[in-house]
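Laboratory data are not the source of any read-out in this text; all were calculated from the coordinates shown. Treat the numbers as computed from the prediction; the structure is a model and nothing was measured. As a convention, Cβ positions derive from the backbone with ideal geometry for all residues, glycine included, and neighbour counts pool all protein chains shown.
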Amino acid sequence: MFALRRVNIMAAVMASALLAGCPTAIVVTESGQVVGTRLGGRNNVEVFKGIPFAAPPVGQLRWQPPQPVVPWQGVRRCDEFGPSCPQSPRFLGTLGGKTSEDCLYLNVWRPAETNGEKLPVMVWIHGGGFINGTGSIYDAENLAAQGVVVVTINYRLGPLGFMAHPALSEENPNNVSGNYGILDQIAALKWVRRNIAAFDGDPDNVTIFGESAGSMSVACLLATPLAQGLFHQAIMESGVPWRLDLLRGDSSSTPTAEEDGVTLAGQFGVTSTGPEAAASLRAISADALIEAIPERDPDGLLPFGPAVDGILFSGQPLQMLRDGNFNHVPLIVGSNQDEGNLFLVSEEITGNLTEETYVEMIHTSFGEYAEDVLALYPPLEGKLKHQANRLLSDYLMLTPSRMTAQAVSQYIPDVYYYYFTKTPNSVVGGALGAYHSAEIAYVFGNLSGVPAWTPADRRLSRAMQEYWVRFAATGNPNGGENPLWPAYDGDTDQNIEFNDPITIDAQLLRQQVDVFTPVILEWLDL
């Protein structure tokens, strides 16, 4: 019997290898027929790359909401990723990726054999500070092999995705501009709603998940009524609903989104805010617009991103969550232990970090709360970078993640809070700890073939995939042999800690969170 079973397994592996690289069955979408590629190995997964979900946003469609795809004739070969949206070569240059304004494509991974069963769908929204990133760098084969259909998407970035300007607002029936990248995400979710059944996905069981700016996007999709009914679970990894700029009309010292757009237009000699300015802006090359992006704005915030426009967002997303004014779906939210390290790698920051500059930074940033912050993160000799990492991690990610869990759990019982503390056994992990984005490889299961990964890494990856997939299937991550992950409760502050072993904790860094919470609420004017 054992010998027969071994022969059967070998035969299955050999058959899979023979099929690797072969075309898939033809899938009929609303815009036309597509054919993908059968992948090799034991996973038995198919991938469809570069499927357009909206018309190319070029020419007159630049700075317009995404428009429908023009149907095609015949069978479209979807065996290559579409171009990434225009962005700085600092990011994609090392990956060899090509960019184009014609970039609104998505990719679908699915198990090759589903027996007609409609599978849970997971839609991944990439990070990159709303100025970088692409869906094509995330290999979802191992995640799809767990029994889900995985979709990765592109969305417009930087000034092409988020620039607001009075002339662009005047063109719009709602008198708004900007937020095109979020509208692209909504268009992709609408495509999933209409087409994913053809890929054996369940359009009535869609989970959105993302990291960093992708997680911030998930928060935005939770908050906007325009995404209502398009997803049924949400996962936020290391990205929170921070303060969005206002489109216009703010009396504070912070420039509005339209004012920022006028400033950027002025760099190209476009000083008018009338209708003629829109044509002048569209005449500027995408490369020139990208080159004009600062790495960071003077306030240290993201140079481009979503804005409160009264249409997508009636207010700040965190306030909308606190008020219950959001799409009520089960939520996983969390952060990593060493988020700050990735933001401290710049020599410009760490090279000037002395005890004096450290204390000055805290007083400048936290004002009346500075002494409380210094009491928790004193300038220890020889450990200034360590202390800065702890401070930034707890302030920028941990505290607002907990605030998000608290807000949503008032209205939804199925909220699950996590803390990722595993240092990857790699050169990057050794230098940066459980850094910003470290959890992604574990969630996607992309550890095989890398000698540095240990059995502990693989155990944790399997467990996290099981939690994520069960949550996508049922709205509850629990089941199987993994530790029971308790739903979040504001009184007990229970959370799961992802390390090896996985543990359940409560009151996670409560003292630090309690110091930063009023700072964040004051900054958000909440």
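DSSP beta bridges confined to the chain are antiparallel in about 35 percent of cases.
The packing ranking of peptides 388-396, 472-480, 430-438, 66-74, highest mean first, is 388-396, 430-438, 472-480, 66-74, where packing means the average number of other beta carbon atoms within 10 angstrom of each residue. Between residue 484 and residue 271, the C-beta separation translates, for a Förster distance of 60 Å, into a calculated FRET efficiency of about 0.45. Across the range 401-417, computed HN-Hα scalar couplings (Karplus, 6.51 cos²θ - 1.76 cosθ + 1.60, θ = phi - 60°) run 5, 5, 4, 5, 4, 4, 5, 5, 5, 5, 10, 10, x, 9, 10, 10, 10 Hz from first to last residue, x flagging Gly and Pro. Scanning residues 5 or more positions from residue 246 or on other chains, those with amide H under 5 Å from its amide H are 257, 308, with H placed 1.01 Å from N in the peptide plane.
Over the range 23-329, the pair-distance histogram of Cα-Cα distances with 20 Å bins from zero comes to 35, 56, 9, 0 percent, rounded to whole numbers.
Ordering 468, 284, 370 by Cα displacement along the dipole of the chain toward the positive end leaves 468 in first place; charges were set at the Cβ atoms of Lys, Arg (+1) and Asp, Glu (-1). Couplings 3J(HN,Hα) of the range 58-67, computed from phi: 10, x, 5, 8, 5, 6, 10, x, x, 10 Hz, in residue order, whole Hz [Karplus 6.51 cos²θ - 1.76 cosθ + 1.60, θ = phi - 60°; x for Gly and Pro]. Here the gap between residue 459 and residue 80, fully extended at 0.36 nm per residue and compared with their Cα-Cα distance, gives a gain of 133.2 nm. Here the Karplus relation 6.51 cos²θ - 1.76 cosθ + 1.60, evaluated at θ = phi - 60°, turns the backbone of the range 376-381 into coupling constants of 8, 10, x, x, 6, 4 Hz, with x for every Gly and Pro.
Between residue 375 and residue 506, the C-beta separation translates, for a Förster distance of 25 Å, into a calculated FRET efficiency of about 0.60. With each label modelled as a point 7 angstrom along the Cα→C-beta vector, the residue 355-residue 431 pair spans 2.8 nm.
Residues whose amide H falls under 5 Å from that of residue 33, counting only those 5 or more places apart or on a different chain, are 76, with hydrogens built in the peptide plane.
Assuming charge only on the beta carbon of Lys and Arg (+1) and of Asp and Glu (-1), the dipole of the chain about its Cα centre is about 2280 debye to the nearest 20.
Its alpha carbons considered, the range 341-526 gives a radius of gyration followed by a Dmax of 18.2, 52 Å. Cys residues of the chain that find no other Cys beta carbon under 4.7 Å: 22, 78, 220. Report the calculated FRET efficiency for residue 171 and residue 28 (r = Cβ-Cβ distance, R0 = 56 Å), to the nearest 0.05. Using R0 = 56 Å, I get an efficiency of 0.95. Sorting the Cα pairs of the chain by distance into bins of 10 Å, from 0 upward, gives 4, 18, 29, 27, 16, 5, 1, 0, 0 percent per bin.
Dipole orientation for the range 341-526: of the candidates 452, 417, 490, 452 has the Cα lying most toward the positive pole (charges on Cβ; Lys, Arg +1; Asp, Glu -1). Remark on residue 232: its backbone amide H falls under 5 Å from those of 206, 207, 208, a criterion applied only to residues 5 or more positions apart or on other chains, H modelled at 1.01 Å from N. Only the Cβ atoms of Lys and Arg (+1) and of Asp and Glu (-1) were treated as charged; on that basis the dipole of the range 341-526 about its Cα centre amounts to roughly 900 debye.
For a test of the definition: using alpha carbon positions, the gyration tensor, and the 1.5 limit on a/c, classify the range 348-437 as rounded, prolate or oblate. Oblate. Computed extension length for residue 194-residue 421: 77.9 nm, one decimal, from 0.36 nm per residue of separation with the Cα-Cα distance subtracted. With the charge dipole of the chain set up from +1 on Lys and Arg Cβ and -1 on Asp and Glu Cβ about the Cα centre, the Cα lying farthest toward the positive end among the listed residues 517, 36, 321 is that of 36. Largest first, the extents of the alpha carbon coordinates of the range 180-337 on the three principal axes equal 50, 35, 31 Å. Taken over the Cα atoms of the range 146-210, the convex hull encloses 105 Å³ per residue.
Extension gain for residue 323-residue 291 works out to 7.6 nm (0.36 nm per residue, less the C-alpha to C-alpha distance).
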